[in-house]
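The values are calculated or read from the model by the stated rules, or taken from the named source; none is laboratory data. Since the structure is predicted, the reported quantities are computational estimates derived from the model, not experimental observations. Methodologically, a virtual Cβ is constructed for each residue, glycine included, from the backbone with ideal geometry; neighbour enumeration extends over all protein chains shown.
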Amino acid sequence: MKGILISMAAASALLLATGVHADADLAKNSGCLNCHNVDTKLVGPSLKEIAAKYAGQENASEYLVDKIKNGSNGVWGPVPMPPNAMVSDENAKVLADFILSLK
């Protein structure tokens, strides 16, 4: 029984890690990491800074989806974020949720 529980825990951890890796790959392939870094400011704020700013805010995911799809200006300083029309609504939601999951 103990072996089964350990195997189930390991499989769950692998699935979670794979999901996070897939979301990070989506961020890279969508061009997000051209201007953002996970841990440090690049052109735009780090993804962790974004997560901290919107942590616990109602509708934060939908707000970030809008910013990903339509861009923004003046939220994080003078450099505007261009819209990313190549990202589907579904992938924008995955990206927003990924960003908000970062600590």
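Scanning the stretch 20-43 for residues that are polar (S, T, N, Q), part of a helix (DSSP H, G or I) and in contact (Cβ under 8 Å) with a residue 24 or more places away in the chain gives no hits.
Of the residues Ala27, Ala51, Ala55, Ala13, the single one that is closer than 14 Å to Phe98 by Cα, hydrophobic (A, V, I, L, M, F, W, C) and modelled with pLDDT under 95 is Ala27.
Within the stretch 53-69, is there a residue that is under 14 Å from Cys35 (Cα atoms) and hydroxyl-bearing (Ser, Thr, Tyr)? Looking through the stretch 53-69, none of the residues is under 14 Å from Cys35 (Cα atoms) and hydroxyl-bearing (Ser, Thr, Tyr).
From the list Ala55, Ala85, which residue is surrounded by fewer than 18 Cβ atoms within 10 Å (Cβ to Cβ), aliphatic (A, V, I, L, M) and either closer than 19 Å to Ala22 by Cβ or within 13 Å of the chain's Cα centre (by Cα) (or both)? Lay out the reasoning, then the answer.
Values: Ala85 fails: either closer than 19 Å to Ala22 by Cβ or within 13 Å of the chain's Cα centre (by Cα) (or both).
When all the criteria are applied, what remains is Ala55.
Residues in the stretch 44-103 that are in contact (Cβ under 8 Å) with a residue 12 or more places away in the chain, outside any loop (DSSP other than H, G, I, E, B) and either among the β-branched types (Val, Ile, Thr) or touching a strand residue (DSSP E or B) at 6+ places or on another chain (Cβ under 7 Å) (or both): Ile50, Val65, Lys67, Ile68, Met81, Val94, Ile99.
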